[in-house]
Every structure is written in C-alpha cells, then in structure tokens.
Amino acid sequence: MWREIEERVRRCGEYVAETGCTVRACAEVFGIGKSTVHKDLTERLPAIDPALSVRVRAVLEKNLSERHLRGGDATRRKYEKRRRF
C-alpha cells in the first residue's frame with residue numbers, strides 16, 4: 001500500500017477515535033470523499049493498525065446507532081427555520 005494512503009488512514013482513524021465525529025465530518029476536515037473515509041476506516045485500517053481499528057469501530061457503531069436521532073433533529077430544525085420566515 002502506498003505510504004501516503006497509510007498516513008491518511010492513520011490520521012483519519014486517530015481523528016475519528018479522538019473526536020467521535022461522523023464519517024461525513026471527517027471527510028470534510030480532510031478534504032476527501034466520505035466513501036473514501038469509510039473504506040479507509042473499515043477496510044484499510046484493520047490491516048494497518050488493528051488496535052486503532054477497534055477504537056474507530058466503536059465510534060462508527062455508536063454513530064450508526066444514533067443516526068436516526070440526528071436525522072430527526074435535522075428535520076425538526078429545518079421546519080422550525082421555515083416557520084420563522
């Protein structure tokens with residue numbers, strides 16, 4: 001695997017593990033696609049750093065379990081904003 005890719009995978013993994021952010025937020029910070037971040041964290045990271053991969057997997061599972069709550073909250077804010085105008 002290319003050195004640049006390995007470094008990107010580690011940086012993304014460490015960022016997600018430390019901040020608990022979503023894949024989409026990580027992609028925005030690093031300026032890459034969310035599909036790339038997801039592939040990096042789920043497929044490439046376990047081969048590069050298994051210990052970090054376990055920590056990242058816990059964050060991803062937590063975010064997945066809360067996804068429906070975030071969506072509902074975003075929808076609520078959207079319609080509240082429309083009502084004000």
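Nothing in this text is a laboratory measurement; each read-out follows from the coordinates by a stated rule. Keep in mind it's a predicted model, so treat the numbers as computed, not measured. All Cβ positions, even for glycine, are placed from backbone atoms using ideal geometry, and neighbour counts span all protein chains on display.
How far is it, in nm, from the label point at H68 to the one at K39 when both lie 7 Å from their Cα along the line to the Cβ?
Output for this residue pair reads 3.1 nm.
Would you work out the relative contact order for the range 3-84, in percent, from Cα pairs under 8 angstrom that are 6 or more residues apart?
30 percent
Sticking with the crude label model, points 7 Å out along Cα→Cβ, report the distance from R55 to R76 in nm, one decimal please.
Between R55 and R76, the label points sit 3.2 nm apart.
For V29 and R84, FRET efficiency with R0 = 22 Å and r from the beta-carbon atoms, rounded to 0.05?
The formula returns an efficiency of 0.15 here.
Would you list which lysines come within 24 Å of K39, measuring only between C-alpha atoms, while excluding same-chain residues fewer than 8 positions from it?
Filter leaves K62.
Would you compute, from DSSP H runs of 4+ residues alone, the mean residue ellipticity of the chain at 222 nm, taking -39500 (n - 2.57) per run and dividing by the full residue count, rounded to the nearest 500?
Result for the chain: -26500 deg cm²/dmol, rounded to the nearest 500.
Here are labelled values, (i) 36; (ii) 30; (iii) 15, and one is the computed percent of Cα pairs over 23 Å apart for what I pasted. Which one?
It is the one labelled (ii).
If a/c stays under 1.5 just call it rounded; otherwise compare a/b with b/c (prolate if a/b is bigger, oblate if not). Do that for the range 1-48, with a ≥ b ≥ c from the square roots of the Cα gyration tensor eigenvalues.
prolate
Sum up the charges of everything whose Cβ sits under 13 Å from the Cβ of L60, counting Lys and Arg as +1 and Asp and Glu as -1, but leave L60 out.
+3
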